[in-house]
Amino acid sequence: MIKLKNPFSGLKDPFTDLPEVPMPKVPNIEHLKLDNVNHPPHYKQGKIETIDVIMDVTKQLPGDQGYLVGNIIKYVSRYQYKNGVEDLKKAKWYLDRLIEEDEKAGR
């Protein structure tokens, strides 16, 4: 039987004899975290957040009209960043409903 020399003899244990390595400073990235509740990215694609546009445009409208117009703005403003054509169809549904309600009211 041939006895081979252990090629690892004389080496330090790689799991216990580790050199001290200083931990690098990690920059504060709190401000980079996504906030899908308060400021979802699909509503922040322009200079003005969608909720602010909706609040401004609908403040003079009665409840039902404001609700419908707000949803139209919401779905049109996010369609490229969230659900594509599905959001456009939702916006169209709300627009059709707004037209229907305005025609019934004689506006």
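The values are calculated or read from the model by the stated rules, or taken from the named source; none is laboratory data. Bear in mind that the values here come from a model prediction, so they are computed numbers and not experimental data. Neighbour counts are summed over all protein chains in view; Cβ atoms, including those assigned to glycine, are modelled from backbone coordinates with ideal geometry. Each accessible area value is taken on the protein alone, full model and side chains, heavy atoms only, with ligands, DNA and RNA left out. Shrake-Rupley method; radii C 1.70, N 1.55, O 1.52, S 1.80 Å.
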- Return yes when residue 56 is charged (D, E, K, R), surrounded by fewer than 14 Cβ atoms within 10 Å (Cβ to Cβ) and in contact (Cβ under 8 Å) with a residue 24 or more places away in the chain and no when it is not. no
- Query: From the list 9, 77, which residue is open to solvent by less than 90 Å² (accessible area, probe 1.4 Å), at pLDDT below 70 and either small (Gly, Ala, Ser) or not in a helix (DSSP H, G or I) (or both)?
  - Reply: 9
- Note on the structure: Taking the stretch 80-101 and keeping only residues that are open to solvent by less than 90 Å² (accessible area, probe 1.4 Å) and in contact (Cβ under 8 Å) with a residue 12 or more places away in the chain, one is left with 87, 88, 90, 91, 94, 95, 98, 101
- Message: Looking at the stretch 24-37 only, could you name the residues that are assigned to a loop (DSSP other than H, G, I, E, B) and either of a type in the set (Gly, Ala, Ser) or modelled with pLDDT under 70 (or both)?
- Response: 29, 37
